[in-house]
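> Handing you a structure now.
Nothing in this text is a laboratory measurement; each read-out follows from the coordinates by a stated rule. On a predicted model such as this, the values are computed, not experimentally measured, just so you know. Neighbour counts are summed over all protein chains in view; Cβ atoms, including those assigned to glycine, are modelled from backbone coordinates with ideal geometry.
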Amino acid sequence: MIKQKQKSTKQKFTRIKEQDKALYELLQDEQRRQSDSLELIPSENIVSKAVLEAMGSVLTNKYSEGYPGARYYGGNEVIDKVENLARDRLKKLFNVPYANVQPYSGSQANMAVYIATCEAGDTVLGQHLFDGGHLTHGWKASATAKFFNTIQYHVKEDGYIDLKEVEMLAKKHKPKLIWVGATAYVREFPFKELGEIADKTGAYLVADIAHIAGLIVAGVHKSPEKFVDIITSTTHKTLRGPRGGIMMVTKKGLKKDKDLSLKLDRAIMPGSQGGPHNHTTAAMAVAFAEASRPAFKKYGKQVVKNADALAKALIKGGAELVSDGTDNHLLLLKCGKGRGAIVETALDMVGLTTNKNTIPNEPQSPFYPSGVRMGTPSVTTRGMKVKEMQQIALWINRVMDIVKSEELPDGNVVEKQKYIKKLTKKLKKNIEIDKIRNAVERLCREYPAPDNLV
Ligand SMILES: *Cc1c(COP(=O)(O)O)cnc(C)c1O
């Protein structure tokens, strides 16, 4: 798969260097940050050079509102072919009869699903934000809750989706739409069981596979294709493509509503977006081809193996995880009430990038939650395996121990921010933190971003 000790993949930014020093410095800084730290945020990855090339192509110059063969602008003969190439590759990857590659990102794809299937005020059922659900699945701070009557389901004590509650809520509220898919859920999704509930209650079932799309393509997680009507996803998480969103309709979906694909097309354009980002479409085509190759299957399997190894080693070192482990690429570390920001900050200082996150039954708030979310897509792309995961777990366990008596003050946001600043200063002087930071950098140098991903 990925060979180590490859030539550097650093971008040179020659023109920017000549004409824009300020931005050049920033790009260099970010490039350095990415190469010298370990990205453990589970929604991030490292794309191939081929994806970057497509993103930086002249296709960004073209307007092409509409769809292949039916555009509002001339000069789209080539763009039509590019979009069809991306769509056909995507349909093949997921074995579906319809695909739309125009959503600017995952949230826009989800918004288009609402526009296509609901009227304002309709009832929608989705997973609660604290339990891992996405903002766009009906959380009160999202526009989705402003325009629709959103009801939320939960996970049980053991971290699995509470199917009894879903069925009860679906029968009681008769939602138009049910969402399955999440942003911080560590188990396989019960697509089949939810498909039965949706069928019984007459709802459309949408699988939002933003996080696990790559795992499905690699064959390590089962596909929702047989059980749901619509599939949405991002392309930049485990699927390892450019930032973007996609929508698909399954055979089951077309059987339920033969106009569903047309409704989704219209929901994007003219419903909620303007011209597609053709350079991104091209990069998607590249990524979908990469994902169809044997090397990607190996990658997906290793992502899950690595997450399992990381989870087991963390638990062995005394950490507590939501659901006591993971089936996928991510895990949720319990940090103690409201302490997620403390652990995130301390891990950041040693070059391990994670994000604070709510946990089921969150006792605090999404701004100061009680967990930290981490995952293995990016470090696996760098070629790391189980042994490196065990080393990373030792570092995380040690860092958690160093900050174990730190507590955020009860006061307002300003006071909490002040405390985090002070903590950063204090940790900067900590010799052990410094030692771990150096060890992380050494590991990073051993595993640079790969030059070639296929
Ligand atoms: C990341 C994510 C999205 C949103 O994607 P954006 O590209 O950030 O808009 C939607 N749903 C789920 C489940 C996600 O994890």
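> State whether the residues of region 410-433 include one that is surrounded by 13 or more Cβ atoms within 10 Å (Cβ to Cβ) and within 21 Å of S35 (Cβ to Cβ).
Yes, region 410-433 contains a residue that is surrounded by 13 or more Cβ atoms within 10 Å (Cβ to Cβ) and within 21 Å of S35 (Cβ to Cβ).
> Also: Restricted to region 80-108, and to residues that are under 10 Å from A285 (Cβ atoms) and β-branched (V, I, T), which residue is surrounded by the fewest Cβ atoms within 10 Å (Cβ to Cβ)?
V82
> How about region 37-62: which of its residues are in contact (Cβ under 8 Å) with a residue 60 or more places away in the chain and polar (S, T, N, Q)?
Residues satisfying the conditions are S37, S43, N45, S48, S57, T60.
Residues checked against (1) within 16 Å of the ligand (Cβ to nearest atom); (2) surrounded by fewer than 22 Cβ atoms within 10 Å (Cβ to Cβ); (3) without any contact (Cβ under 8 Å) to a residue 24 or more places away in the chain; (4) in a loop (DSSP other than H, G, I, E, B):
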| site | (1), (2), (3), (4) |
| --- | --- |
| T144 | yes, no, no, no |
| K164 | no, yes, yes, no |
| F189 | yes, no, no, yes |
| A210 | yes, no, no, yes |
| L215 | yes, no, no, no |
| K222 | no, yes, no, yes |
| F227 | no, no, no, yes |
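> Is one or more of the residues making up region 307-316 of a type outside the set (A, V, I, L, M, F, W, C) and more than 24 Å from E388 (Cα to Cα)?
Restricting attention to region 307-316, the residues satisfying the condition of being of a type outside the set (A, V, I, L, M, F, W, C) are 308, 312, 316.
Remaining after also requiring more than 24 Å from E388 (Cα to Cα): none.
No - not one qualifying residue is present in region 307-316.
> Take E165 and tell me if it is of a type outside the set (V, I, T) and out of contact with any strand residue (DSSP E or B) (no Cβ under 9 Å at 6 or more places or on another chain). Steps first, please.
Details: of a type outside the set (V, I, T): yes; out of contact with any strand residue (DSSP E or B) (no Cβ under 9 Å at 6 or more places or on another chain): no.
Judged against the criteria, E165 is not a match.
> Within region 131-140, restricting attention to residues that are surrounded by 24 or more Cβ atoms within 10 Å (Cβ to Cβ) and part of a helix (DSSP H, G or I), which residue is farthest from the ligand (Cβ to nearest atom)?
Here the answer is H137.
> Given V101, V96, which one is within 15 Å of M248 (Cα to Cα) and more than 16 Å from the ligand (Cβ to nearest atom)? Before the answer, list the steps.
Details: V101 fails: more than 16 Å from the ligand (Cβ to nearest atom).
After applying the criteria, what remains is V96.
> Here is a follow-up. Does I178 satisfy the criteria of being touching a residue at least 24 places away in the same chain (Cβ under 8 Å), under 16 Å from the mean Cα position of the chain (by Cα) and surrounded by 15 or more Cβ atoms within 10 Å (Cβ to Cβ)?
Against the criterion (touching a residue at least 24 places away in the same chain (Cβ under 8 Å), under 16 Å from the mean Cα position of the chain (by Cα) and surrounded by 15 or more Cβ atoms within 10 Å (Cβ to Cβ)), I178 does not qualify.
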